[in-house]
Amino acid sequence: MFTNMTIGKKLGFTVLTVSLFALLVGFLILNWNANKIEDKVDKDFITQLQETTEDRLSSKKSIGIVAAVSIANDGKVKEALRTNNREVAIKTLNLVDKKMKKSTEFKNTKVHVHTNDNKSFVRSWKTTKFGDDLSSFRASVVQVNQTKNSVNTFEVGKAGLSIRSVVCVTDDDGTALGSLEFMQGLNSVAKAFNKNGDGFMLLMDKSLAKAEVGADKQFKNYIISQKFINQDFFNDAKKIDITKLLADGFLISENYFYTYKDVTDFQNNKLGIAIVARPMSIVHLALDKTSNLIYLALLGLTLAIVFNLIATLISMRKTVIQPILSLKDSIEHVKTDKSSSKIEILNNDE
C-alpha cells in the first residue's frame, strides 16, 4: 500500500509517524519525570519537617541553657548552696518561676538545684522532697558535677522525658558549689507546629519509664511526653503503623504525611522519637502544582510537534510536491507538444 501512495502522502505519512513517535517519547519521559518529582516532593516534605523539628528543639535547648546559666549566677542561689540554706533557694526559685510565667510563653518549666555530690537540694515544683541521691539515674548531673562543663540534652527522669539544661554553680572565687538544671516540656513546640496546621508528638520509649503512667499517656510502645496535642492529629496517629514509619522514614495516611526524628541524650542513647506530620491537603497542593507543570510541559510539547508537523507539510508541499507536479505537467506538455518548448526552471535546487 505504501508503494502505491503519492510522494506527498508518503512524506506526510512519514512526518506524521515521526511526530507521533516523538510525542509518545516525550509523554513517557515527562510521565517518568512526574513520578520522580513526586518522590522528590515526598523527600522535600521529610526534609522540611525534620529540619523544622530540629530547629525548634534546638531553640528550646538554647533558651534552656541561657536560663540555667542566668539562674545559676544568681547570688542568692550561690548563697543557698554555700550556706546549705534551702529556704533561701526556695524563695529565689519561687520568684524566678513567677517572673518566667509572667514574662515569657514558657509556662511548663522547672528548676532543680543539686549539691556537688549529686544529691537533690531544691526542686522548684516539689520543695518538700530533697536529699535523694541522683547518681544512679541522672547522668547529666553526674557529668556536670564531675567535669564542671554544661550539658544541654534530652533526658529521662522520674518526671518523664524533657529537655534538661544542666550547668555548674560556682562561687565568686570559682569554687564549685553544685549544679542547677532548667527543665522544659515541649508544649510550646507542639503549639508552634499546631499553629501552622502540623502535628507534633514527643514520645519516650516505654521501657525507660521510671514511674507508672496512665493509659491516656501511652501511645503504642511509647509514652507521650507533652500535655498539648491536636486531637484530630492524635486520632489519626493512633491508626498508623509505627513499625512501617520507622522502617521507611515516612508514612502517608488519609489525612497526614508523617515522618520522625530520633530523640537522643548527650551520650547518644536513643530515648524515643519525635513524630511530626503535615496535613495531606498541603501535600496534595504541592503535588498538584507539580502535576500542573508536567501537564503544561506536555501541552507545550504537543503544540510544538503539531506546529512543526503543519509547517513541515506546508513546506514540503511548496518546495517539493508542487515543483514535482509542475515538472510532471511540463513533461506531459513536451510529450504532447512536439515544439521545442523548454521546461521552465523556477528554483536553483534539485
Given the structure, is GLY272 more than 30 Å from THR14 (Cβ to Cβ) and at pLDDT 95 or above? yes
Please go through segment 28-43 and give me each residue that is open to solvent by 60 Å² or more (accessible area, probe 1.4 Å) and at pLDDT 70 or above, ordered by number. GLU38, ASP39, LYS40, LYS43
Which of the following residues is of a type outside the set (Asp, Glu), surrounded by 16 or more Cβ atoms within 10 Å (Cβ to Cβ) and more than 23 Å from GLY160 (Cβ to Cβ): ALA67, ALA89, ALA22? ALA89
When you go through LYS227, LYS239, LYS217 one by one, which is the residue that is open to solvent by 70 Å² or more (accessible area, probe 1.4 Å) and closer than 29 Å to SER124 by Cβ? LYS227
Filter result for LYS338 (open to solvent by 60 Å² or more (accessible area, probe 1.4 Å), modelled with pLDDT of 75 or more and not in a strand (DSSP E or B)): no
Can LEU309 be described as closer than 30 Å to SER19 by Cα, modelled with pLDDT under 70 and in contact with a Leu (Cβ under 8 Å, 6 or more places away or on another chain)? yes
Could you identify the single residue in VAL111, VAL141 that is farther than 18 Å from LEU186 by Cβ and in contact with a Leu (Cβ under 6 Å, 6 or more places away or on another chain)? VAL141
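This table checks each residue for (1) hydroxyl-bearing (Ser, Thr, Tyr); (2) touching a helix residue (DSSP H, G or I) at 6+ places or on another chain (Cβ under 7 Å); (3) closer than 30 Å to GLY199 by Cα; (4) modelled with pLDDT under 85.
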site	(1), (2), (3), (4)
ILE223	no, yes, yes, no
ASP241	no, no, yes, no
LEU301	no, yes, no, yes
THR319	yes, no, no, yes
Are there any pairs with C-beta distances below 8 angstrom linking a residue in segment 253-272 that is open to solvent by less than 70 Å² (accessible area, probe 1.4 Å) to a residue that is of a type in the set (D, E, K, R) and not in a strand (DSSP E or B), with the two at least 6 apart or on different chains, and if so which? SER253/ASP236; SER253/LYS239; TYR256/ASP236; PHE257/ASP42; LYS261/GLU54; LEU271/ASP265
So ASN187 fits all but one of (1) within 22 Å of LYS61 (Cβ to Cβ); (2) touching a helix residue (DSSP H, G or I) at 6+ places or on another chain (Cβ under 9 Å); (3) of a type in the set (S, T, N, Q); what number is the exception? (2)
Wholly within segment 114-174, strands (runs of 3 or more DSSP E) carrying at least 3 residues that are buried (at least 23 other Cβ atoms within 10 Å of the Cβ): 151-157, 160-170
Taking segment 179-203 and the residues there that are of a type in the set (A, V, I, L, M) and modelled with pLDDT of 90 or more, the one that is nearest to LYS217 (Cα to Cα) would be LEU203
Scan segment 48-57 and give yes if some residue there is closer than 30 Å to LEU177 by Cα and either part of a helix (DSSP H, G or I) or open to solvent by less than 60 Å² (accessible area, probe 1.4 Å) (or both), otherwise no. yes
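The values are calculated or read from the model by the stated rules, or taken from the named source; none is laboratory data. Everything quoted here is computed from the prediction, not taken from an experiment. Heads up, the Cβs are rebuilt from the backbone with ideal geometry, glycines too, and the neighbour counts pull from every protein chain shown. Ligands, DNA and RNA are excluded from the accessible area calculation, which covers all protein heavy atoms including side chains. Shrake-Rupley method; radii C 1.70, N 1.55, O 1.52, S 1.80 Å.
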